[in-house]
1. Restricting to Cα pairs below 8 Å that are 6+ residues apart, what does the relative contact order work out to for the chain? Please round to a whole percent.
2. How big is the C-alpha Rg of the chain next to the rule-of-thumb value 2.2 N^0.38 Å, as a ratio?
3. Over the chain, give the accessible area per residue in Å² for a 1.4 Å probe, as an integer.
4. Taking only the alpha-carbon atoms of the range 131-275, what semi-axes of the equivalent ellipsoid follow from 5 times the gyration tensor eigenvalues under a square root, in whole Å, largest first?
5. Provide the percentage of antiparallel DSSP beta bridges, counting only those with both residues in the chain; round to the nearest 5.
6. Taking amide hydrogens as modeled 1.01 Å from N in the peptide plane, which residues meet the under 5 Å criterion relative to R192, leaving out close sequence neighbours?
7. Under the rule of -39500 (n - 2.57) per DSSP H run of 4 or more residues, summed and divided by the residues of the chain, what mean residue ellipticity at 222 nm is obtained, to the nearest 500 deg cm²/dmol?
8. Using θ = phi - 60° and the Karplus form 6.51 cos²θ - 1.76 cosθ + 1.60, what ³J(HN,Hα) does each residue of the range 111-128 get, whole Hz, x for Gly and Pro?
Amino acid sequence: MSAIKTMKLYQHVERIYRELGELGKNADDPLTVEELSAFDQLHYHGTQALDIAMAMVGVEGEPRWLEIGSGLGGPARYLAAYSDARVTALELQADQHEIATSLTARCGLADRVEHVRGDILDFERPEGSYDAILSWLSLYHIKYRPLLLERCRQLLAPGGRFYTEDLTARRDIDEAHMQELERDLYAITLRRIDQYRQDLENAGFVVETCQSMSSSWAEFVRVRLAKFRADRARHLRVHGEAAVNAMTDFYSAVNRHFQAGRLGGLRLCAVKPGD
Ligand SMILES: C[S@@+](CC[C@H](N)C(=O)[O-])C[C@H]1O[C@@H](n2cnc3c(N)ncnc32)[C@H](O)[C@@H]1O
């Protein structure tokens, strides 16, 4: 098992097919982006968050966008469906990449969303290939922040935008809690918001928006856990005990780190200066 799979959200990824079964969908039935969006958004505040991102990066023309850490493909499909963008959806984990590719085909979006399996640190495309690079809750998994940002700067065209919603540290975190965060959330790089902004500036970006999401997300994860627990009987019927226990452990751990004031988050949009 690769290290990232210690994070229980990434176990039992076939849950999405059981949810589609509950909607009466058979294996190869066509799907819509709207039917999937309750299950394929692995970040906070679902597609509302994606509308905000599109407004910030701009949707004019037929932009070329790269999503880093595209999971089950939910954000990439929604971005493609609600704009004229062509989206490259880059995902590290093979199982999620394969599910994402198949769901995109069933939505009839295969000509607009290109799924690529790989690590952003090894991702090879010519300089200036993208008008925007977007990510939701992905970059905190990646160890080499300066290398990551340099790679993003190269991949962007001049004037292109870097947009992220990501987890942050709300204060300095001791070693024991960092180990828990790595085990529970595969948290590898947790920066404070001021450090995050500085990292972007050091990499040559001009930061346009940098806002704390900490309070909003703390409430989101509290309600998510309470709802999941309240619906346990339904979830057990659909997904079985192993998957439900894994998800309960995951939602509980995230909530505990947020409510303890260790974990927070940000929304950041920055531009690569023009030539
Ligand atoms: C919390 S999930 C979010 C998925 C998607 N952005 C969403 O909001 O639905 C983060 C994803 O980032 C992926 N990821 C982590 N490190 C990566 C890397 N170095 N390159 C590409 N993807 C990565 C993980 O495998 C995971 O699927």
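1. On the way: 466 pairs, mean separation 58.1, N = 275.
Relative contact order of the chain: 21 percent.
2. Values: Rg = 18.2 Å, N = 275, 2.2 N^0.38 = 18.6 Å.
Dividing the Cα Rg of the chain by 2.2 N^0.38 Å gives 0.98.
3. Value for the chain: 44 Å² per residue.
4. Details: eigenvalues 210, 54, 37 Å².
Taking √(5λ) for each Cα gyration eigenvalue gives 32, 16, 14 Å.
5. Values: 15 of 34 bridges.
The antiparallel fraction comes to roughly 45 percent.
6. Excluding prolines and chain starts, which carry no amide H, the hits are A169.
7. Details: 11 runs with 121 residues, N = 275.
Rounded to the nearest 500, the figure is -13500 deg cm²/dmol.
8. Using θ = phi - 60°, the values come out as 7, 10, 10, 9, 8, 10, 8, x, 9, 4, 6, 10, 6, 9, 9, x, 4, x Hz.
The values are calculated or read from the model by the stated rules, or taken from the named source; none is laboratory data. Everything numeric in this text was worked out from a predicted model, so none of it was measured. Glycine also receives a Cβ, built like all others from the backbone with ideal geometry; neighbour counts cover every protein chain displayed. Just the protein is used for accessible areas: all its heavy atoms, side chains included, with ligands, DNA and RNA removed. Shrake-Rupley method; radii C 1.70, N 1.55, O 1.52, S 1.80 Å.
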